[in-house]
Amino acid sequence: MHPERFESWLTVGTHGLYCRPGGFHIDPHSAVNRAVITHAHSDHARAGHDHVLATRETLALMKARLGSAAKLGTQALGYGETLQVGDVTVRLVPAGHVLGSAQVVIEWRGRRAVISGDYKRSADPTNPPFELVRCDLFVTEATFALPVFTHGDAKGEVAKLLKSLKQFPERAHVVGVYGLGKCQRLIALLREAGYAEPIFLHGALAACCQIYESFGVELGALKPATGAKREELKGAVVLAPPSAIADRWSRRMPDALTAFASGWMRVRARARQRGVELPLVISDHADWRELTRTIHETGAHEVWVTHGREDALLHHIQSTGRHGRALALIGREDEES
Ligand SMILES: [Zn+2]
Ligand SMILES: [Zn+2]
């Protein structure tokens, strides 16, 4: 192991990324002894690890989604706190992605690596903003790593939804949202925009909302959609997981108008495929400009890329004089984008 050669102490093995001098994996895709978890999305937080280190919020979300966060023990680390793990120090700093999401800052013999997990730079009322940490190695996601991806302002997208509600006061606005992150961000953005009506939830979304509220994120009046009166649902916002917006569940809503909040809604064909009438481009991932800006601002000379679509970003990294590498990690999906 040599501190200058990151690939000698941050290795990619059968379980994923492994920090050798610390003796732990970061977001492993299968069960390991010691895991540090960046956030609770299913492609990062798997079940069955013996020991898990994460933020308190991530541990609570893992417990709710997986039954338990770890088999033998969990350790919570607050943002900004430093912990000695084996021969390295570990610090978690906000990634701005979803509640509890953290970048993992690892230092070993004067070298600093930042594993960002998933992140975004745009404002999100439900979690603290991405914190920039200067480093030697930056490990970045690449979910929307093509120059065509520009997410724009989420507030503008929420305004579109509010306008449609005024225009079609008889129609239930069924909005597809991912259960962890997008759902709560959309609710909070609606509240910020002055929308005070009850918001109706598909049953699958309730648990994560409760955890957000338990950590002090105010979401206003929420009601279960199932069992609500038809009259109440007319002209209401009804949030549902993406899988439910096209099925029988949403056909029970009065004259459902289907919307979907996702970074993928930038791609018109995706919206058409899903039969989405009102696409809302709201993403919890960095777009192309945020990715390239962040890489630049970290000052890292070495940048490793995860999450598919890495070709364009690698080309950008190399053309700006940095050393780039595609990390072939299995099990990273764009499912919750
Ligand atoms: Zn994620
Ligand atoms: Zn991810």
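Please treat every number below as a calculation from the coordinates, not as lab data. None of the values given here were measured: they were computed from a predicted structure. Cβ sites come from the backbone with ideal geometry, for glycine too, and all protein chains shown count toward neighbours.
Before moving on, here are some points about what is shown:
- Theoretical gain in end-to-end length, SER214 to LYS234 [0.36 nm per residue, Cα-Cα removed]: 4.2 nm
- FRET efficiency estimate (nearest 0.05) - Cβ-Cβ, ARG252 to LEU83, R0 45 angstrom: 0.35
- Amide H contacts of LEU201 (H built 1.01 Å from N, under 5 Å, at least 5 apart or other chain): LYS223, ALA225, LEU239
- Cα gyration tensor shape for the stretch 13-137, rounded if a/c is under 1.5, else prolate or oblate: oblate
- Cβ charges +1 (Lys, Arg) and -1 (Asp, Glu), total dipole of the stretch 214-272, debye: 340
- Around the amide H of TYR178, modelled in the peptide plane, lie the amide H atoms of CYS183, all under 5 Å away and 5 or more residues distant in sequence or on another chain.
- Here the gap between ARG109 and HIS2, fully extended at 0.36 nm per residue and compared with their Cα-Cα distance, gives a gain of 37.6 nm.
- The residues CYS19, CYS183, when put in order of fewest to most other Cβ atoms within 10 Å, stand as CYS19, CYS183.
- Here HIS315 and VAL12 are evaluated by their C-beta separation; at R0 = 22 Å the FRET efficiency comes out at 0.55.
- Gain on full stretching of the segment that runs from LEU72 to TYR195 - 0.36 nm per residue minus C-alpha separation: 39.9 nm
- Largest mean-square fluctuation among ARG272, ARG65, ARG171, in a Gaussian network model of the chain whose springs join Cα atoms under 10 Å apart, belongs to ARG272.
- Close amide H pairs (under 5 Å, H built 1.01 Å from N) link ALA326 with VAL305, residues at least 5 positions away or on another chain.
- Look at the Cα gyration tensor of the stretch 174-282: its axes a ≥ b ≥ c give a/c of at least 1.5 with a/b at or below b/c, and that counts as oblate.
- In this structure, the residue pairs whose Cα-Cα separation is over 32 Å, taken from LYS166/LYS223; LYS63/LYS223; LYS71/LYS229, are LYS71/LYS229.
- Pairwise Cα separations in the chain fall into 20 Å bins from 0 onward with the following percentages, short to long: 32, 55, 13, 0.
- Neighbour-count ranking [beta-carbon atoms within 10 angstrom, fewest first] of ILE295, ILE282: ILE295, ILE282
- Relative to the longest principal axis of the Cα atoms of the chain, the long axis of helix 182-192 makes an angle of roughly 60 degrees.
- Each Lys and Arg Cβ is given +1 and each Asp and Glu Cβ -1; about its Cα centre, the chain then shows a dipole of about 620 debye.
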